[in-house]
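Below: one structure, written as structure tokens.
Every read-out reported here was derived from the displayed coordinates using simple, explicitly stated rules and does not represent laboratory data. Every value quoted in this text rests on a predicted model; they were computed, and no experiment measured them. Every residue, glycine as well, gets a Cβ built from its backbone with ideal geometry; the counts of neighbours run over all protein chains shown.
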Amino acid sequence: MTRSISTSSQEGAPAAGQPEALLAWMESLADATRLRLLRLLERHELGVIELCDVVQLPQSTVSRHLRVLSDDGWVRSRRHGTTNLYRMLLDELDATPRRLWLLAREQTAQWATVEQDELRLLQHLRQKQKDSQAFFAGTAGQWDKLRGELYGERFETSALLALLPAEWTVADLGCGTGRLATELAVYVKRVIAVDNSTAMLDAARKRVAGLTNVDVRRGDLEALPIEGNAADAAMMVLVLSYLPDPDAALREAGRVIRAGGRIVIVDLLPHDRDDFRRRMGQQHAGFAKADVQRMMTEAGFGSIKVESLPPEAGVKGPALFLATGTKV
């Protein structure tokens, strides 16, 4: 019988508070491989092949355990190109299985196997980041033209309209060649532009030369070189699709934005153009509005609004969304 531990449990599943339910939940966790997978999937959205590389187990074994975890409601999956991505969402679990998992996580914190998994996962994420960096290193000179051909121009104006207070300090996260930072500098007191691509930053520094209120910095978006609460707002325009861990980047954005400050995100809606994703060096084939809402909420933002942007005539890239939120 399929067991369910989420609030959307199916008919016939053991009811919460009954011994059968407790035994079913405990049985789900009574396996070393499933514990390892849940520890990884609680913090990252990963595919089967990625999980196989990290836990060093055959695909058949990983798939079998993922099927159990999925059937029992511990993880959810979504289609991404030709594969499924899995994620554990702690907030979606009922109170009892959530407590069981927190206990299991605590008791496995010093497990040597878990430490090895974390090291292999870190190496995997770094390699994915190198793929995006290689794309930008070879594209910096043509990026503005390519971006205009693929996505048009109006989405930048839509993002700028969300940030008008002249006394604000705005962080342009994933600034690229500095085009948006240059336009923002006209409207706000200070712009902190951050990117981890040397080629992009070289182009950005040339573009903002002479602008005394633009500070260009090199750094990863998952570990921003910006002090906490230093920004009144942040922009992330066509950035999340290139990041191995968008959740971490949004948490960092939340860290550097003061309470009551704003975030504006423009990125791709979900699409099935896997060839496009690979050609652009992107890690993700867009984001569903519900996932954007979740990531922003978990990063500490409220008053969230996510809306589709009408495609511009003649553009060749996938459709975009605009998301805004306020730091709680």
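Hey, with R₀ at 35 Å, roughly what FRET efficiency would Leu90 and Lys316 work out to, going by the Cβ-Cβ distance, to 0.05?
Numbers: r = 39 Å, r/R0 = 1.12.
Once the sixth-power term is evaluated, E becomes 0.35.
Hey, what angle do you get for helix 32-41 against the long axis of the chain, alpha-carbon based, 0 to 90 degrees rounded to 10?
It works out to around 20 degrees.
Quick check for me: using +1 on Lys/Arg Cβ and -1 on Asp/Glu Cβ, what's the dipole size of the chain about its Cα centre, in debye to the nearest 20?
Values: 42 positive and 43 negative charges, 110 e Å.
Roughly 520 debye, rounded to the nearest 20.
Taking only C-alpha pairs under 8 Å that are 6+ residues apart, what is the relative contact order of the chain in percent?
Values: 565 pairs, mean separation 44.8, N = 328.
Here the relative contact order equals 14 percent.
Enumerate lysine pairs in the chain that are 8 or more residues apart or on different chains, then count those whose Cα atoms are under 26 Å apart.
Taking the chain as the scope, the lysine pair count is 16.
List Ile265, Ile49, Ile226 from most exposed to least, where exposure is judged by having the fewest other Cβ atoms within 10 Å.
On the way: Ile265 29, Ile49 11, Ile226 22.
The fewest-first ordering by Cβ neighbours comes to Ile49, Ile226, Ile265.
How big is the gap, in Å, between the Cα center of region 281-327 and the Cα center of region 243-276?
8 Å
Which of Leu22, Leu40 comes first, and how do the rest follow, when ranked by fewest Cβ neighbours within 10 Å? Working shown, then result.
Numbers: Leu22 15, Leu40 23.
Placing the least packed residue first, the sequence is Leu22, Leu40.
Please compute the modelled spin-label separation between Val186 and Arg64, points set 7 Å along Cα→Cβ, answer in nm with one decimal.
6.3 nm
Please find the FRET efficiency linking Arg99 to Thr297, where r is the Cβ-Cβ separation and R0 is fixed at 30 Å, and quote it to the nearest 0.05.
Numbers: r = 22 Å, r/R0 = 0.73.
E between Arg99 and Thr297, to the nearest 0.05, is 0.85.
Can you sort Met236, Met26 so the residue with the fewest Cβ neighbours within 10 Å comes first?
Details: Met236 23, Met26 12.
Lowest to highest Cβ neighbour count: Met26, Met236.
To the nearest 500 deg cm²/dmol, what mean residue ellipticity at 222 nm is calculated for the chain from DSSP H runs of n ≥ 4 alone, each contributing -39,500 (n - 2.57), summed and divided by the residues?
Working: 13 runs with 144 residues, N = 328.
That calculation yields -13500 deg cm²/dmol at 222 nm.
Take the chain, connect every pair of alpha-carbon atoms lying under 10 Å apart with a spring to form a Gaussian network, then pick out the residue of Ser132, Ser241, Ser63 with the largest mean-square fluctuation.
Answer for the Gaussian network model of the chain: Ser63.
Would you mind pulling out the separation of the Cα centroids of region 171-223 and region 57-88, in Å?
Computed from Cα coordinates, the inter-centre distance equals 39 Å.
Where is the GNM fluctuation largest for the chain (alpha-carbon springs, 10 angstrom cutoff): Arg99, Arg179, Arg278?
Arg99
Given Ser303, Ala288, Thr212, which one lies farthest toward the positive end of the charge dipole of the chain, if we put +1 on the Cβ of every Lys and Arg and -1 on the Cβ of every Asp and Glu?
Going by the Cα projections, it comes out as Thr212.
I'd like the orientation of helix 59-71 relative to the chain: the angle between its Cα long axis and the longest Cα principal axis, in ° from 0 to 90, rounded to 10.
80 degrees
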